[in-house]
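Accompanying notes for the structure given below.
The values are calculated or read from the model by the stated rules, or taken from the named source; none is laboratory data. Please read these numbers as outputs of a predicted model, since none were measured by experiment. Cβ: placed from backbone, ideal geometry, glycine included. Neighbour counts: every protein chain shown.
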């Protein structure tokens, strides 16, 4: 397992909570961007960054979604999702720090 002792204890604890049991050796940490990732079935999945692992999502009076003091990225704001149907883009919400998708914010279609 990689040494994460240089991280804030709360961030480190949240990373460990999101790692499946017995998969600690598959943890990857991007030091430059402060993002935790994990190798999973020949793919890499985002665990998250300090912003999304330590903060709750809030909604302002206009209905905009924020995490910390940053607005979530909506699927309509990403050019990579241009060809997706509008119904799908409306339901994609990403962390502004690491672009981890918030699956719990996606409406089942």
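Remarks
- The range 39-58, residues that are touching a helix residue (DSSP H, G or I) at 6+ places or on another chain (Cβ under 8 Å), assigned to a helix (DSSP H, G or I) and closer than 10 Å to residue 97 by Cβ: 50, 53
- Residues in the range 68-99 that are under 25 Å from residue 8 (Cα atoms), part of a strand (DSSP E or B) and under 11 Å from the mean Cα position of the chain (by Cα): 94 alone.
- When residue 67 is tested against (1) touching a strand residue (DSSP E or B) at 6+ places or on another chain (Cβ under 6 Å); (2) touching a residue at least 40 places away in the same chain (Cβ under 8 Å); (3) buried (at least 18 other Cβ atoms within 10 Å of the Cβ), exactly one condition is not met: (2).
- Within the range 13-38, residues that are in a loop (DSSP other than H, G, I, E, B) have Cβ atoms under 7 Å from residues that are modelled with pLDDT under 90 in no pair, counting only partners at least 6 apart in sequence or on another chain.
- The number of residues in the range 1-12 being in contact with a helix residue (DSSP H, G or I) (Cβ under 9 Å, 6 or more places away or on another chain) and either under 12 Å from residue 53 (Cβ atoms) or part of a strand (DSSP E or B) (or both) comes to 4.
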